[in-house]
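One structure is given here, and the rest of the page talks about it.
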Amino acid sequence: MANMLANAETVTKMAGTFDGKQPRYINTYLKVFDDALTMTPINDYDDIRRVMMCCFRDKARDQLANIGAQVQTKDDLYKALREFYGDRTSPQLRHQGLLAYHQGAKSMQQYVDGFLEQIAIAQVANQDDEGIRLFLTAIFIKGITADAIRTHINTTAQLDSLPDLFSLALKLDASNRTAARVYKSNPPPRRQGGGERLNKNSHFKKKSDNQPGHSSDISKIKCYNCNKLGHISKDCRSPRRENHQARQTASIKKDDPPPGNGEGRA
């Protein structure tokens with residue numbers, strides 16, 4: 001009994017509850033319930049019916065008790081419930097899920113299976129009709145995540161049926177995944193640069209290397225503004241003193257001989 005309650009709790013958490021009043025398509029609930037049931041060791045029909053009784057609420061539980069007593073297998077129970085509840089949603093609500101359905105992060109196979117389920121939920125009839133087939137084709141292509149696959153299908157000759165469309169989408173998806181694996185295992189060689197990357201002082205080093213008598217070691221360069229080593233005057237952050245031209249002029253005047261020095265005298 002304890003195991004039965006634990007299994008019922010597991011199924012209820014995964015499938016939720018059904019009260020027969022909400023606009024919830026019965027096929028969808030039964031599919032979710034059946035998927036949740038596979039996570040438990042329950043196989044006996046009476047045990048399945050007891051678990052379902054825990055998931056159904058209010059009048060839906062009473063109706064399940066009456067229907068369940070008249071059938072002997074799980075498949076017959078599902079069939080009887082579908083016949084009793086039928087489709088209580090409006091056509092607009094049924095088609096809303098189909099129009100909003102898209103691949104997202106699902107695999108292509110999961111997307112195809114889910115799309116077929118949405119077609120069943122929407123109760124789309126006459127799928128072989130050209131207008132309906134083109135309508136469903138447009139919705140399916142719009143929901144594909146990969147741009148390359150969408151473009152390829154749109155530029156492909158007109159497909160004759162929905163199975164052909166699904167087959168082409170699966171083939172293109174498999175090809176894309178194979179190409180991605182090959183690219184990942186054998187990436188192309190990285191492009192080499194046109195030379196060594198220049199650092200922030202490379203312009204100075206390059207210029208000084210071409211000038212004889214100048215040191216390429218920036219640490220030995222003296223600033224004319226602050227008289228410190230390691231940078232040049234135009235990069236100096238100290239307050240500006242007299243400009244370099246004035247210093248040169250003063251230096252030249254200092255080196256000139258005083259007037260009347262006697263040069264040129266006999």
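Quick rundown of the values:
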{"quantity": "Cβ pairs under 6 Å, 6+ apart, first in the range 107-123 and assigned by TED's automatic domain parsing to the domain that holds residue 164, second part of a loop (DSSP other than H, G, I, E, B)", "calculated": "111/103; 118/101; 121/25"}
{"quantity": "Filtered residues of the range 53-69 (kept if more than 18 Å from residue 5 (Cβ to Cβ) and either among the aromatic types (Phe, Trp, Tyr) or in contact (Cβ under 8 Å) with a residue 24 or more places away in the chain (or both))", "calculated": "58, 59, 60, 63"}
{"quantity": "Selection within the range 18-44 - polar (S, T, N, Q), modelled with pLDDT of 85 or more and surrounded by fewer than 17 Cβ atoms within 10 Å (Cβ to Cβ)", "calculated": "38, 43"}
{"quantity": "Candidates 70, 158, filtered to the one that is of a type outside the set (Asp, Glu), assigned by TED's automatic domain parsing to the domain that holds residue 177, outside any helix (DSSP H, G or I) and over 28 Å from the mean Cα position of the chain (by Cα)", "calculated": "158"}
{"quantity": "Residue check for residue 96: surrounded by 13 or more Cβ atoms within 10 Å (Cβ to Cβ), of a type in the set (S, T, N, Q) and in the same structural domain as residue 166 (by TED's automatic domain parsing)", "calculated": "yes"}
{"quantity": "In the range 73-98, the residues that are at pLDDT 85 or above and assigned to a helix (DSSP H, G or I)", "calculated": "74, 75, 76, 77, 78, 79, 80, 81"}
{"quantity": "So residue 47, is it farther than 20 Å from residue 122 by Cα and modelled with pLDDT under 85", "calculated": "no"}
{"quantity": "Segments classed as helices (runs of 4 or more DSSP H), wholly inside the range 1-64, with at least 1 members that are out of contact with any helix residue (DSSP H, G or I) (no Cβ under 8 Å at 6 or more places or on another chain) and over 16 Å from residue 76 (Cα atoms)", "calculated": "2-15"}
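Each row is one residue, and each column tells you yes or no for (1) of a type outside the set (A, V, I, L, M); (2) under 19 Å from the mean Cα position of the chain (by Cα); (3) surrounded by 12 or more Cβ atoms within 10 Å (Cβ to Cβ).
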residue: 109; (1), (2), (3): yes, yes, yes
residue: 137; (1), (2), (3): yes, no, yes
residue: 153; (1), (2), (3): no, no, yes
residue: 173; (1), (2), (3): yes, yes, yes
residue: 176; (1), (2), (3): yes, yes, yes
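The values are calculated or read from the model by the stated rules, or taken from the named source; none is laboratory data. All values derive from a computational prediction rather than experimental measurement. Ideal geometry is used to build each Cβ from the backbone, glycine not excepted, and the neighbour counts take in all protein chains shown.
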